[in-house]
């Protein structure tokens with residue numbers, strides 16, 4: 001696989017130099033920002049999106065909506081973990097060196113990368129989270145997928161991955177999150193539903209405010225009167 005990237009005429013290498021060349025032209029402070037963003041920042045942003053989605057789905061819609069959404073949210077990090085595990089044998093089989101080992105003149109923003117390059121763990125992790133979140137909630141999922149795409153770009157910008165490393169990570173994360181989702185949700189939904197019916201654990205799935213908003217008096221539905229024709233104690237009976 002390393003031979004595929006050794007030729008400078010290869011589009012993979014050409015795109016690598018084009019994107020990484022932006023790092024050479026950027027001021028040092030910007031490269032330091034991109035280093036943090038590529039290593040930690042976007043991953044932390046993904047975590048915040050997941051937490052924001054969880055906070056939102058607990059407070060809106062019906063209980064069944066909250067249960068299905070929270071089950072999807074639980075699946076998202078599980079899918080990311082499974083995808084990273086699947087990547088371990090792939091990396092060992094392909095054994096593609098990092099691009100800076102085979103190509104001169106790259107601006108490498110992170111030193112000490114000695115493991116193999118294909119496929120990118122960061123791209124795999126973020127895309128699996130993004131697609132898993134999309135299964136739970138479309139709007140938040142699209143935002144997370146956009147962050148995953150940004151992560152792939154930054155990894156190439158940093159000089160630690162070829163573009164095809166990133167594309168491979170996107171494909172792996174998407175495949176795991178989508179293909180295993182039906183089985184995972186079939187197993188997770190009953191568990192989340194049981195948590196929703198429990199005591200304190202129910203607040204992990206449904207907020208008190210959402211439960212209060214679904215009560216009849218909270219939505220303007222009057223409670224049934226004790227009297228009336230059905231009970232035989234209406235106004236006519238009282239008059240009698």
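Filtering 33, 37 for residues that are crowded, with 17+ Cβ neighbours inside 10 Å, in the same structural domain as residue 182 (by TED's automatic domain parsing) and more than 24 Å from residue 201 (Cα to Cα) leaves a single hit, 37.
Please go through region 65-99 and pick out each residue that is out of contact with any helix residue (DSSP H, G or I) (no Cβ under 7 Å at 6 or more places or on another chain), in a helix (DSSP H, G or I) and over 16 Å from residue 135 (Cβ atoms). Correct list: 85, 88, 89, 90, 91, 92, 93, 94. Is it the case that some residue within region 94-108 is closer than 21 Å to residue 180 by Cβ and buried (at least 22 other Cβ atoms within 10 Å of the Cβ)? Within region 94-108 (the criterion being closer than 21 Å to residue 180 by Cβ and buried (at least 22 other Cβ atoms within 10 Å of the Cβ)), the answer is no, since none of the residues qualifies.
The values are calculated or read from the model by the stated rules, or taken from the named source; none is laboratory data. Model, not experiment: these values are computed from the prediction. Glycine gets a Cβ as well: all are built from the backbone with ideal geometry, and neighbour counts include every protein chain shown.
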